[in-house]
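The values are calculated or read from the model by the stated rules, or taken from the named source; none is laboratory data. Predicted, not measured: the structure shown is a model, and the values here were computed from it. We place every Cβ from the backbone using ideal geometry, glycine too, and count neighbours over all the protein chains shown. Keep in mind that these areas ignore ligands, DNA and RNA; they rest on the heavy atoms of the full protein, side chains included. Shrake-Rupley method; radii C 1.70, N 1.55, O 1.52, S 1.80 Å.
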Amino acid sequence: MLAILHPDTPLDSDAYRQTMHFLENLPGVSVRVHEVQGASQKLTEVYLLGDTKSLDRDEIAALPAVERAIRISEDYRILGRHHDDQRQNGFTYNGVTFDQQNLNVFAGLCAVDTPEHVDIMMRALSEHGQQCTRMGAYKPRTNPYSFQGHGSACLPWVFETAGKHGIKVIAMEITHESHIEEIDQCLEKLGRPTGVMLQVGTRNTQNFELLKSIGRQSIYPVLLKRGFGITLNESLNAAEYLASEGNANVVFCLRGMKTDAGQPHRNMVDFAHVSTVKRLTRMPVCIDPSHSVGSRERAPDGLLEVTHATAQGIIAGANMVLADFHPKPEKALVDGPQALLMSELSPFLADIQLCHDTWKERQRLYSASSRTEAT
Ligand code: PEP
Ligand code: MN
């Protein structure tokens, strides 16, 4: 059961005290309070865990500080979308909104290499009105002798360059909790010229200690990649780890599944799950066509397969795209062969917009028939 308190209920009010006293004394039930900072108000959600089957929803809804009570399912308690659950989805970070309706593109370098390449990339993004990018500083690599990323050494110049070009959010993978501190200290020292969305890579989806550390901070939102070899349910539970520790500002990223059945793609493209994740949870959904398809193969219609996969995800309602670009793919230190070229940025963005608009049009097409069915 979830009790949502009236917005901005003061924690020292009689209504709050009486409500909490009642809830905390329910036999066999433990109480977990979760604060949600919305655009204009603060919401307090009180989760009742344990033996809640016999609880009377109306009785809880009638408590002085409670606005609404919702019976929630066991799975994804915080991030899930429950029956009769009209709670807001999404969040705003550093002036950029992430929700289940809108769309943000994170084109950028798989791995940061030279200041010149970072500058070319970010300048091009800013010229195209983009505020977000992807930049890998800490790279998890299969081979221990492969380039592991520049790590904290590159953060100052990456963040300064981002500030110079008006980039507001950088998706940056971290592989260890100490990286949160390194990023935070560097941003603070520079006067926060940009923002960071902490990316959890597919190899770390079930690194529960890393998830807990990231979940315990609420400065930075999180981009959680789906685990490449586990069920969707297991990956969604990984996202719930972040929320259960306190950080519900999570975007869920589909990046393909590792199976030979996906060949000749690098992974089996799983973008049919875009709408599924939106149905099961309130998280905005990202697609990563670069790591799903993993090549620059061109179909007979003249389009790259990676752009076809992108279109499939966006037309199904994806809210974010993570895409590898590089000014000189032949010089890229990681994933050059799958990178898009700077000359492809313009059509890529236009294609994405076209597909996003088409997704909206598709909703209009079907809305009349679903209303008829409901009556
Ligand atoms: C990446 O986005 O650079 C990456 C390593 O992705 P994944 O964790 O999905 O393999
Ligand atoms: Mn990569």
Please give every one of the aspartates and glutamates within straight-line cross-link reach of Lys42, meaning a C-alpha to C-alpha distance under 17 Å, and leave out same-chain neighbours fewer than 8 residues apart.
Asp8, Asp12, Glu67
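With the other protein chains left in place, how much accessible area per residue, in square angstrom, belongs to segment 92-366 at a 1.4 angstrom probe?
Numbers: 11060 Å² over 275 residues.
For segment 92-366, the per-residue accessible area is 40 Å².
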Cα pairs beyond 27 Å in the chain, in percent, come to 50 percent
So Asn143 and Glu361, fully extended at 0.36 nm per residue minus their Cα-Cα distance, gain in nm 73.9 nm
In degrees, nearest 10, range 0 to 90: what is the angle between the Cα axis of helix 305-315 and the longest Cα principal axis of the chain?
30 degrees
Between the helical axis of 345-374 and the dominant principal axis of the chain, each derived from Cα atoms, what acute angle in degrees is found, rounded to the nearest 10?
30 degrees
For Gln199, enumerate residues with amide H under 5 Å from its amide H, sequence gap 5+ or separate chain, H modeled in the peptide plane.
Met172, Glu173, Ile174, Leu223
If packing is taken as the mean number of other Cβ atoms within 10 Å per residue, what is the order of 1-8, 187-194, highest first?
1-8, 187-194
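As a quick test, which of the pairs Lys168/Lys189; Lys168/Lys258; Lys164/Lys225; Lys164/Lys189; Lys139/Lys212; Lys139/Lys278 have an alpha carbon distance above 23 angstrom in this structure? The partial results should precede the final answer.
On the way: Lys168/Lys189 17 Å; Lys168/Lys258 32 Å; Lys164/Lys225 29 Å; Lys164/Lys189 16 Å; Lys139/Lys212 20 Å; Lys139/Lys278 29 Å.
Over 23 Å apart, Cα to Cα: Lys168/Lys258; Lys164/Lys225; Lys139/Lys278.
For the chain, what does -39500 (n - 2.57) per DSSP helix run (n ≥ 4), summed and divided by total residues, give at 222 nm, in deg cm²/dmol to the nearest 500? Before the final figure, lay out each step's value.
Details: 11 runs with 126 residues, N = 375.
The helix contribution divided over the chain gives -10500 deg cm²/dmol.
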Rounding to the nearest 10 and keeping the result within 0 to 90°, find how far the Cα-based axis of helix 178-189 lies from the longest principal axis of the chain.
80 degrees
Apply the Karplus parameterisation 6.51 cos²θ - 1.76 cosθ + 1.60, with θ equal to phi minus 60°, to every residue of segment 240-249 and state each ³J(HN,Hα) to the nearest whole Hz, in sequence, with x for glycine and proline.
5, 4, 4, 5, 5, 8, x, 10, 9, 8
Under a point spin-label approximation (7 Å from Cα along Cα-to-Cβ), what is the Gln18-Ser369 distance to one decimal in nm?
5.2 nm
Mind checking the full-extension length gain between Ser126 and Lys212? Use 0.36 nm per residue of separation minus the Cα-Cα distance, one decimal, nm.
27.5 nm
If one puts a single equal scatterer on every Cα of segment 1-91 and applies the Debye formula without solvent, what log₁₀ I(q)/I(0) results at q = 0.11, 0.16 Å⁻¹?
-0.28, -0.61
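Roll a 1.4 angstrom probe over the protein heavy atoms and tell me the percent of accessible area of the chain that is carbon or sulfur.
Numbers: 8440 of 16910 Å².
That share works out to 50 percent.
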With Rg from the Cα atoms and Rh as the Kirkwood inverse mean 1/r over Cα pairs, segment 81-155 has an Rg/Rh of 1.13
Can you return the aspartates and glutamates within cross-link range of Lys331? Criterion is Cα-Cα under 16 Å, with same-chain partners fewer than 8 residues away left out.
Asp113, Glu116, Asp119
In whole angstrom, the spacing between the Cα centers of segment 290-321 and segment 207-258 equals 24 Å
